[in-house]
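The values are calculated or read from the model by the stated rules, or taken from the named source; none is laboratory data. Predicted, not measured: the structure shown is a model, and the values here were computed from it. Backbone-built Cβ (ideal geometry, glycine too); neighbour counts: all protein chains shown.
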């Protein structure tokens, strides 16, 4: 079955530690996205990538880093510089880089708790 | 800039209708609508492109007023399965990304 997988579903970390969230897709999509969701805030874009080896900052990129070495993978690292990392993280992909004509497909999400 | 959704929440009885609005201060190229159940991933509903078209199927439809930079989602004869949070995502002209609103929580009761 084609789709997007995120692992793990729940992740717990101590403050000051970096943590990497996995996102893999087998839909052969060019574009991939990372969103952060907090209660009552909607989805806020962290980073996005329209092609392998290239990515752009979204609206809340501070304290996060990404890589796009393979078309199917777009891991997100939450660094210790992120002031409030506890949140629900969603990865998405779409067939082409420009979102207008193409829906975004979302993974099941990773709930990160930092204490 | 984040689009504004209204209302923030709505409670319906099964069979009633609802309208959810999404308004942007920017010139828009497209509007996306998604529904999210609690703890799950958002699910795509529809895309409306610049041109003021109206789309939909069965009992869920949407419109896009290009002049006002507004979109509305219409849910008619609501079913229990319609419960969830509805998000609009807007793409400004020349942008490469969607900006999502804060969501509208819809609850349909028997």
Legend entry - Hits in region A:43-88 - residues which are within 11 Å of chain B (Cβ to nearest Cβ), within 12 Å of the chain's Cα centre (by Cα) and either exposed (fewer than 15 other Cβ atoms within 10 Å of the Cβ) or touching a residue at least 60 places away in the same chain (Cβ under 8 Å) (or both): A:57
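Does residue A:38 meet the test of being more than 25 Å from residue B:22 (Cα to Cα) and within 14 Å of another protein chain (Cβ to nearest Cβ)? Break it down stepwise before answering.
Working: more than 25 Å from residue B:22 (Cα to Cα): no; within 14 Å of another protein chain (Cβ to nearest Cβ): yes.
No.
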Inset, instruction - Take region A:101-115 and flag every residue that is assigned to a loop (DSSP other than H, G, I, E, B) and within 14 Å of chain B (Cβ to nearest Cβ). - result: A:102, A:103, A:104, A:107, A:108, A:109
Inset, instruction - Please specify each residue of region B:1-26 satisfying the condition of being over 13 Å from the mean Cα position of the chain (by Cα) and either in a loop (DSSP other than H, G, I, E, B) or loosely packed, with under 12 Cβ neighbours inside 10 Å (or both). - result: B:1, B:2, B:13, B:14, B:15, B:16, B:17, B:25, B:26
Inset, instruction - Being assigned to a strand (DSSP E or B), under 20 Å from residue B:14 (Cβ atoms) and in contact with a helix residue (DSSP H, G or I) (Cβ under 8 Å, 6 or more places away or on another chain) narrows it down to one of B:45, B:73, B:106, so name that one. - result: B:106
Inset, instruction - Return yes when residue B:29 is out of contact with any helix residue (DSSP H, G or I) (no Cβ under 6 Å at 6 or more places or on another chain) and part of a strand (DSSP E or B) and no when it is not. - result: no
Inset, instruction - Please find, within region B:85-99, the residue that is modelled with the highest pLDDT out of those that are facing chain A (nearest Cβ under 7 Å) and buried (at least 24 other Cβ atoms within 10 Å of the Cβ). - result: B:87
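For residue B:51, are the conditions met, namely being within 14 Å of chain A (Cβ to nearest Cβ) and either surrounded by fewer than 16 Cβ atoms within 10 Å (Cβ to Cβ) or in a loop (DSSP other than H, G, I, E, B) (or both)? Talk me through it step by step, then tell me what you get.
Numbers: within 14 Å of chain A (Cβ to nearest Cβ): yes; either surrounded by fewer than 16 Cβ atoms within 10 Å (Cβ to Cβ) or in a loop (DSSP other than H, G, I, E, B) (or both): yes.
Yes, satisfied.
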